[in-house]
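The structure under discussion appears below in the form of structure tokens.
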Amino acid sequence: MTLIPRDWLPACSMKRVICHWTAGGYKATSLDRAHYHILIEDDGNLVRGTHSIADNVSTGDGVYAAHTRGCNTGSIGVTVCCMAGAQAQPFQPGSYPMTQKQWETMAQVVAELCRFYEIPVTPQTVLGHGEVETYLGIPQHGKWDPMVLPWSPGMSRTQVGNHLRALVQKALSGGDTPETPSPATLQVAGKSFPVVLLNEAAYVAIRPLAESLGWTIKSATGGQVKVQAEDRVLTLASTLVGGKGHVACRDLAQALGLAIEWDASTRTITIG
Ligand SMILES: [Zn+2]
């Protein structure tokens, strides 16, 4: 199961994910939304920030989510909404302590970002705001988010950072969620369709594709579908995925007599 809606993930090149807490309450405010790309409320609900991730590809135009001093270019900002009134020394979590649900959801969200943007899980590329000074050498004036876990305040900041990366790594290796489909998109005739990757091949649901392109399904039986595409009839092998008939993108391209291309950076297959 993926948590981040596909349309929150623009195709662009990003270098790292920096994790924060808002030092606010449990709900995302409009001010918070201006500073982070993805916000996680107390119950694990995700809220999209006002800036697209693509706004942080370059920051020279001043239009971007400003979440980390001197380190916003190429950086995705993820935050948990919590920790208003928290104090570092001696540690006081305040009235809105980070919940375990928020922490675990953040690890899952970061894993999905790493998978989509092909970001490796290292202390330089997946880190807390409170680790930026240590690992990237950019001063952060005492920022310590989100490096203390209120349910385990004895852990050192190093341990918390390593724990976050271990959770991300575990979510990426997907031991208990093998059904997670790789997010990918098929582009055909200027329209986009979600793709399922199975055994190294890409499949697309044929009925929504046909309807969207103004084609007609003439028949669908026994692993074969016949589609009226403008003035010709395409005969394609079909496979059931999640109860819906899917055809291989490669077969579709071949039947249409068009070229097919895979762009790994944007995870897009283009026919045409
Ligand atoms: Zn921060």
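Just so it is clear, none of the values below were taken in a lab; they were calculated from the coordinates. All figures in this text were calculated on a predicted structure; none of them were measured in a lab. Note that each Cβ is placed from the backbone with ideal geometry, even for glycine, and that neighbours are counted across all protein chains shown.
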Query raised in the report: Inside region 228-272, can you point out the residues that are more than 15 Å from P208 (Cβ to Cβ), among the polar types (S, T, N, Q) and in contact (Cβ under 8 Å) with a residue 24 or more places away in the chain?
Result: T239, S265, T266, T268, T270
Report summary line: Within region 46-101, residues in contact with a helix residue (DSSP H, G or I) (Cβ under 9 Å, 6 or more places away or on another chain), within 18 Å of T125 (Cα to Cα) and crowded, with 16+ Cβ neighbours inside 10 Å come out as I53, A65, H67, T68, C71, N72, G74, S75, I76, G77, V78, T79
Report summary line: From the option list T50, T29, single residue qualifying as within 16 Å of the ligand (Cβ to nearest atom) and not hydrophobic (A, V, I, L, M, F, W, C) is T29
Query - Given (1) in contact with a Leu (Cβ under 9 Å, 6 or more places away or on another chain); (2) part of a loop (DSSP other than H, G, I, E, B), number of the condition V17 does not satisfy - result: (2)
Requested in this report: Within region 104-125, track down each residue that is without any contact (Cβ under 8 Å) to a residue 60 or more places away in the chain and either within 23 Å of R267 (Cα to Cα) or surrounded by 21 or more Cβ atoms within 10 Å (Cβ to Cβ) (or both).
Outcome: P120, V121, T122
Query raised in the report: Do you know which residues across region 41-93 are in contact with a Cys (Cβ under 8 Å, 6 or more places away or on another chain) and in a loop (DSSP other than H, G, I, E, B)?
Result: E41, D42, V57
Query raised in the report: In region 134-153, what residues are under 24 Å from T105 (Cβ atoms), more than 11 Å from the ligand (Cβ to nearest atom) and without any contact (Cβ under 8 Å) to a residue 24 or more places away in the chain?
Result: Y135, S152
